[in-house]
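Data block below; observations after.
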Amino acid sequence: MITTSTIHQEGFEPEQENRKLNAQGGFTLIELMIGMIVGLVLLLVIGTVFVSSQGVFREQEDNARVQENGRFALEIIGRSIKQAGHVEIPFTGFKVEFTGTAISGTNGSAGVADTLTVQFEGAIGDSDCEGTVVGVAGQIIQNHFNIDAGNAELQCDGQISDTPLAPGAPPIGQVLLSDVEDLQILYGVDTNSDQSVDQYTDLPADWEQVITARICVLIRSEKTNVVSAGNYLDCNGASIAIPSDRRLRRAFTSTINLRNRINDTP
């Protein structure tokens, strides 16, 4: 027998269960706002890490490029210095001394780059810094190195002649490397002919006494806004404030022997 209380109880229990289910569903406004705040904080942290990592990667990439350019500049100049004063030995005779000026240069004033001129006799197939090839053994190769300050470029003007050329200020030549701001040279002078450097000077009184050259090139990064404000060391060892372009700058130095003036050198 079904009673009224039974009907009432059976009709009440499903309604009460639905109310419980409705009470457990969804989020409150406070919970939603907290979730949004947590999400925004996570996005901010991720964005900060990404920007920081990107900046570090960019600086490392530019640093690698600057180092590569520095090594190339020292290599191309050093190769000419090592050949300075070289004499080709023909089959018909023997020459023991280079008759021209093997190495010379000009000393730039404050804030101005130095210049360098080297001469040597070339073999057939040798070329100057602009790629002109020697056609006759013993022709003189002359390489002029200088800096185009306006465009920050290392330039070289090459000449080939049958006789040694009079050294002078290098003319505008072919661009060898971009983003080179300075070239400074100190010459190691042997004053007592013992094949050992007695002093370094920026302008020797006698170029025939020069047996080494200390080369410094100042390289900058191609990209701007790489480093923060601060200082860098130039070729003279002075601490210079980083300009507003915030390029990365590094000075690279190498001391190179004039092989044809020193015996038993590598």
Which number in (1) buried (at least 16 other Cβ atoms within 10 Å of the Cβ); (2) not in a loop (DSSP other than H, G, I, E, B) marks the one condition that Val197 misses? (2)
Considering only the range 92-108, I want to know if a residue exists there that is assigned to a loop (DSSP other than H, G, I, E, B), within 30 Å of Arg220 (Cβ to Cβ) and at pLDDT below 95. yes
Note on the range 209-250: residues assigned to a strand (DSSP E or B) and among the hydroxyl-bearing types (Ser, Thr, Tyr) are Thr212, Tyr232, Ser239
Looking only at the range 109-137, and only at residues there that are without any contact (Cβ under 8 Å) to a residue 40 or more places away in the chain and assigned to a strand (DSSP E or B), the one that is farthest from Cys156 (Cα to Cα): Glu121
Within the range 140-168, of all residues that are under 22 Å from Leu74 (Cβ atoms) and among the small types (Gly, Ala, Ser), the one surrounded by the fewest Cβ atoms within 10 Å (Cβ to Cβ) is Ala149
Among the residues of the range 220-266, what is the count of those that are out of contact with any Lys or Arg (no Cβ under 9 Å at 6 or more places or on another chain) and buried (at least 18 other Cβ atoms within 10 Å of the Cβ)? 3
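The values are calculated or read from the model by the stated rules, or taken from the named source; none is laboratory data. This is a predicted model, so every value here is computed, not measured. Counting neighbours? That spans all protein chains shown, and the Cβs are built from the backbone with ideal geometry, glycine included.
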